[in-house]
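In what follows, a single structure is set out as structure tokens and then discussed.
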Amino acid sequence: MYFPLEWFERLGLSNGQSKSLYISNRNNLNVEILSELDDELSEDAKEEGKNAGKGKGTGEGLDQEKWGELLNRLEENTGFSNDFMQTFEDIAPNSQVSDRYIHRERHHEDIVVKEVFPTIHSIDKPFEEILQQAPENLNDFVERNEIIKRYRSQEPSEASQLTVTLENKKTQSNFGPLHFPPEERQRFFDSSLPDDKSQQLTEFIQKYFNYDPNEGDLPIATRELYFQNLERLLYTFSSDSTYFFLDFYLENLNKEDFLNNALYQAGRLDGSKTSTELLFALERIYEIQQRAWGAYFDFENVYKKLPEEKKNRLRVETLRRVDERYKSVLEKKGIENFESIEEKYLQRRYEIMEHIINNTPDGYRKQDALFEQAVILWQMGLQKEDEVKKQQAISQWQALISQARQQKYSVSSQPDFQNLPHLPLLEALIVNYQRDEGLAKTQRERQISSMLMQRQSKRLEEKRKREAELLWPKD
């Protein structure tokens, strides 16, 4: 059974059955600053255990106001992964999940030291301001990764000043339109899927990001890079939810990597089709971060019920440290529960769709942005029991349905309108919803939400089969 993004209504396992969750992974679509950015398979993360017995680096020469908190996290967490047991107990006996997935490397210290929730720090800022600040934020991100890398590699006697040199390599779109037919793209993405994501991004950027961001195949190739390769399914294989929470955090690890680079490129290429594709991917990242906060708020109750023995497991201690780290962040923002943070993320996603609607060239994927914005309005209405928001969503969908009928849209004539196939069923549900009353209306409301949730089912099943063959083959 597979859960799309809208799954997060308290996940559980029963009868030993395996489940999986569609979840996006992070990337770093960066052209102008090409540096060794840490991926989930980063070299410094692989050295966590090796460095546990070594002395730690120094922050001498660094801006303590800017980097003091990071240095404190490094001091407190470097080597902790060697002090706790890493076990794989309570695995579901009928799990169909590959052993390669279950026993994959999980970079516990990176989960704690870096950012599982990079989006929270600027969640109260207007989206336009975030786009404007993207170049500066990207430079800070690269500097931070370099500080972590050097800290972990130094002996106490070295105690030398840490300095960071950022190299800006500006590129121009001077190769004309990209010709990248579907069959060639599929071969490229299939062959690179097992590679770590940083390598995939670097290769893609070096090969293709000099091409025109509007004409040719760069926009759709950028879409497929993210949704085919950098986005992954998350599988559950145990009734112990701490495994799932840890893997959820791992998949969210360094979302700032994608955020900083994609925001930078979306701003740099604003008003282009490639920028539009980056913004759709960014909206998905914010949605996944929104869901991940559900795991965060669930963990406290899960932890209280764990036997003391399990609290000594590495995965549980990692989760506990993440929980402690973000408490102060939430307190400063006045956030006390999942509902209040969900409201902020829904608003951010709405703003991203609004930016696409107002800036995409020649109406490119504007209908999808309007559709997704209506989905967000619908979710806002459900969260607050706000009938006005629900009606706004319905009116926006009805306008799209009317436009599609009048202009005789078809999948072949509108290949970039991804939600076009879902309009007929949605129309039927809306008609009945507006006629229903009382309990029947509530039930129809649930049907609309379920239909929206299941839109990705076919694509996710295809992704599962592809990953099983290319990424997680069974021995």
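The values are calculated or read from the model by the stated rules, or taken from the named source; none is laboratory data. Because the structure is predicted, anything quoted here is derived from the model rather than measured. Counting neighbours? That spans all protein chains shown, and the Cβs are built from the backbone with ideal geometry, glycine included.
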Discussion item. I need the full set of residues from the range 303-318 which are farther than 13 Å from Asn77 by Cα and out of contact with any Lys or Arg (no Cβ under 8 Å at 6 or more places or on another chain), in order please.
Written reply: Lys304, Lys305, Leu306, Pro307, Glu308, Glu309, Lys310, Asn312, Arg313
Item to complete: Out of Glu372, Glu343, report the one residue that is surrounded by fewer than 22 Cβ atoms within 10 Å (Cβ to Cβ), over 16 Å from Gly271 (Cα atoms) and of a type outside the set (Gly, Ala, Ser).
Response: Glu343
Item to complete: Of all residues in the range 314-362, count the ones that are of a type in the set (Val, Ile, Thr) and within 25 Å of Arg106 (Cα to Cα).
Response: 4
Fill in: the range 453-475: number of residues that are loosely packed, with under 14 Cβ neighbours inside 10 Å and farther than 28 Å from Ala374 by Cβ
5
Discussion item. Go through the range 435-475 and report how many residues are in a loop (DSSP other than H, G, I, E, B) and under 29 Å from Phe189 (Cβ atoms).
Written reply: 5
Practice prompt. Evaluate the range 281-292: report whether one residue or more is touching a residue at least 40 places away in the same chain (Cβ under 8 Å), more than 25 Å from Asp323 (Cα to Cα) and in contact with a helix residue (DSSP H, G or I) (Cβ under 6 Å, 6 or more places away or on another chain).
Written response: yes
Discussion item. So if I check each of Tyr208, Tyr235, which one is over 27 Å from Phe127 (Cβ atoms) and of a type in the set (Ser, Thr, Tyr)?
Written reply: Tyr235
Discussion item. Being modelled with pLDDT under 95 and in contact with a helix residue (DSSP H, G or I) (Cβ under 6 Å, 6 or more places away or on another chain) is the requirement here; does Leu278 meet it?
Written reply: yes
Item to complete: Tell me, please, whether a residue that is under 30 Å from Tyr208 (Cβ atoms) and at pLDDT below 95 can be found in the range 45-59.
Response: yes
Response to the item:
Inside the range 103-154, the number of residues satisfying the requirement of being touching an Asp or Glu at 6+ places or on another chain (Cβ under 6 Å), of a type in the set (Asp, Glu) and assigned to a helix (DSSP H, G or I) is 1
Item to complete: Return a yes/no flag: does the range 378-397 have any residue that is in contact with an Asp or Glu (Cβ under 6 Å, 6 or more places away or on another chain), surrounded by fewer than 20 Cβ atoms within 10 Å (Cβ to Cβ) and part of a helix (DSSP H, G or I).
Response: no
Item to complete: For Phe248, indicate whether it is crowded, with 19+ Cβ neighbours inside 10 Å and out of contact with any Leu (no Cβ under 7 Å at 6 or more places or on another chain).
Response: no
Worksheet, complete the sentence: Residue hits (the range 223-264; in a loop (DSSP other than H, G, I, E, B) and within 21 Å of Leu138 (Cα to Cα)) are Leu253, Asn254
Worksheet item: What are the residues in the range 354-365 that are in a helix (DSSP H, G or I) and within 20 Å of Pro415 (Cβ to Cβ), if any?
Response: Ile356, Ile357, Pro361, Asp362, Gly363
Worksheet item: When Val411 is evaluated against the numbered criteria (1) among the hydrophobic types (A, V, I, L, M, F, W, C); (2) over 22 Å from Gly363 (Cβ atoms); (3) without any contact (Cβ under 8 Å) to a residue 60 or more places away in the chain; (4) not in a helix (DSSP H, G or I), which criterion, by number, is the only one it fails?
Response: (2)
Worksheet item: Is it true that Glu324 is within 20 Å of Ser241 (Cα to Cα) and at pLDDT below 95?
Response: no
Worksheet item: Take the residues of the range 194-222 that are in a helix (DSSP H, G or I) and at pLDDT 95 or above: which is surrounded by the fewest Cβ atoms within 10 Å (Cβ to Cβ)?
Response: Ile220
Response to the item:
Scanning the range 127-166 residue by residue, those modelled with pLDDT of 90 or more, among the polar types (S, T, N, Q) and either touching a strand residue (DSSP E or B) at 6+ places or on another chain (Cβ under 9 Å) or over 15 Å from Gly68 (Cα atoms) (or both) turn out to be Gln132, Gln133, Asn137, Asn139
Worksheet item: Got at least one residue in the range 176-193 being part of a loop (DSSP other than H, G, I, E, B), of a type outside the set (S, T, N, Q) and closer than 30 Å to Glu136 by Cα?
Response: yes
